[in-house]
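For reference, the structure discussed in these notes is given below.
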Amino acid sequence: MSAGPATPSPHLSQGRPRAVVPLTTGLGAMLLSGLLGSASVLGFAPFYFWLVPVLSLAVLAWLVDWASGPRRAAVIGFCFGIGYFITGVSWIYVSMTEFGGMAVPIAAFATLFFCSYLALFIAAAAWIARRIPAARGIRLTLAFPAAWVLMEWVRGWMFTGFPWLAVGYSQGPGGPLAGYAPLLGAYGVSLLAVLSAGLLAWWTPWPARFDVRRMLHPGLPAVIVLWIAGLGLAQAPWTQPTGAPISVSLLQGNIRQDLKWRPEALQATLETYLRLTRAATSRLVVLPETAVPLLNVDVPQGYLALLAEHARDNGGDLLLGIPEYVEGNPPRYYNSVMSFGVSPTQTYRKHHLVPFGDYFPQWAFITWVMNAMQIPMSSFSRGDAVQAPLAVAGQHVAVNICYEDVFGEEIIRQLPRATLLANFTNDAWWGESFAAEQHLQISQMRAQETGRYMLRATNTGVTAIIDQRGRVLAAAPQFVSTAIDGTAQGFAGSTPYVLWGNWVFLGLTAAMLFAAVALRARRS
């Protein structure tokens, strides 16, 4: 039977209580939604208040449910997104002004434009959830969570993807829902976080008076069960240690971004990393992305040999971030990691390139941005989508460069063969903002998803050793030239996420949307 035309929720048709009207209509709902979006950022690093986004989303779900229609819900969702992204990712303004040479008014406009684009995905999720003509409980617990995570996933691949601030990251590593990461990945954790929010919104009695009988409502007990199960899953031994732990040294040169590519600063950069390397006694030494700011063929004679000799003296290997030149017609340039030491020299070439960072896309309507940005080494070629882990220091290391570790479905391409993960990055672009800590939290989620240690070597921070449960075992202070020494344990085996990737969460999302529509049709 056809579901028929969309109809308002039963509680809407009966009229809103006076206390509700200011919060669900007009400027009040928009301002509240924007504040909720800004507050949600507290769930992410460096704050790690994982409960805040769940509560904020519960109120957002309530606002969307009370909205007078899909368009009004979309406006509320857009306002939430503006607050969310202006607060959470406006660090791109730092990159454009301090290091990209862009004029302040243009950078401010570009930042607002970018955040508005991202907010459209939240607006679309709210529109979809409100558009399904379902009962309140169905909309809050099926339609809203599924629509939210579907739009998060689309945001993660459209126009090369920007999955930063996916809600699932806010739950790691210590939130109860992080235990689902090895099963469902970051997007699956997002789904369960928004489901928790929807269940809380469904359970909340306001604007009706609180009644003890409300405690019998299934919403709150369902959230408690979901969280307790997550805490239990966090203890599951998804992967197993393999071999003996190895000693590792992660080097942080702290080369200022505005000096990194200047010829007059080159000698000091080379001396800094040579000094740090010679002080390292570990079997595996890791240097960050483009630690040597020269093409491999232009490095001063003997410098790479000195690095390799020291690695051999330690009985191990060194991994170095360096731009690579490959002769051909035309010649190609790669953002690469190369190994030197007792093992044969191997190379990993960055595959997921960042627009304006690794290359300039030929989009005519934003050529003014391309002309304003002054970023060296922005003509890299794309490496192969599937590359073998680097066999170094008795381990198989799955390398990912900078932004690549934001894409969990790409990291697992090197698994289960890889025993360690390693991220090489340069977050100096973002200055003294939250970006570096947020990136660290993303790496923690990758460790939880795969059941592997993650080694992070960065230029200015956060350089860290992360264990297979996403816990930071050692970290260097930011903006200091230093090294951290520790041990890393290799792991073997596959988590369910390594085996299935995002297919499980996508299946759950599709099933929830189908159920929301089907239950409404059956009711009709």
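Do you know which residues across the range 41-82 are over 29 Å from G179 (Cβ atoms) and under 24 Å from the mean Cα position of the chain (by Cα)? Selection gives F78, C79, I82.
Per-residue answers, yes or no, for (1) at pLDDT 95 or above; (2) of a type in the set (D, E); (3) within 26 Å of P176 (Cα to Cα):
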position: V89; (1), (2), (3): no, no, yes
position: F99; (1), (2), (3): no, no, no
position: A119; (1), (2), (3): yes, no, no
position: A126; (1), (2), (3): yes, no, yes
position: A134; (1), (2), (3): no, no, no
position: T141; (1), (2), (3): yes, no, yes
position: M151; (1), (2), (3): yes, no, yes
position: V154; (1), (2), (3): yes, no, yes
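Evaluation of L55 against the conditions (1) crowded, with 22+ Cβ neighbours inside 10 Å; (2) modelled with pLDDT of 95 or more; (3) under 18 Å from L195 (Cα atoms) shows that the sole unmet condition is (1). The residues listed here are V299, V292, V342, V285; of these, the one that is farther than 27 Å from D427 by Cβ and touching a helix residue (DSSP H, G or I) at 6+ places or on another chain (Cβ under 9 Å) is V342. Can you find, within the range 155-208, the residue that is nearest to the chain's Cα centre (by Cα) among those that are part of a loop (DSSP other than H, G, I, E, B) and under 18 Å from A222 (Cα atoms)? Restricting to residues being part of a loop (DSSP other than H, G, I, E, B) and under 18 Å from A222 (Cα atoms), the top hit is G175. It is to be established whether one or more residues within the range 87-104 are free of Cβ contacts under 8 Å to residues at least 12 places away in the same chain and over 24 Å from Y187 (Cα atoms). Within the range 87-104, one or more residues are free of Cβ contacts under 8 Å to residues at least 12 places away in the same chain and over 24 Å from Y187 (Cα atoms). The residues on offer are V517, V504, and the sole one that is among the hydrophobic types (A, V, I, L, M, F, W, C) and modelled with pLDDT under 95 is V517.
Going through the range 116-158 one residue at a time, which ones are without any contact (Cβ under 8 Å) to a residue 40 or more places away in the chain and either in contact with a Ser or Thr (Cβ under 7 Å, 6 or more places away or on another chain) or surrounded by fewer than 18 Cβ atoms within 10 Å (Cβ to Cβ) (or both)? Result: S116, Y117, E152, V154, W157, M158.
The values are calculated or read from the model by the stated rules, or taken from the named source; none is laboratory data. Every value quoted in this text rests on a predicted model; they were computed, and no experiment measured them. All Cβ positions, even for glycine, are placed from backbone atoms using ideal geometry, and neighbour counts span all protein chains on display.
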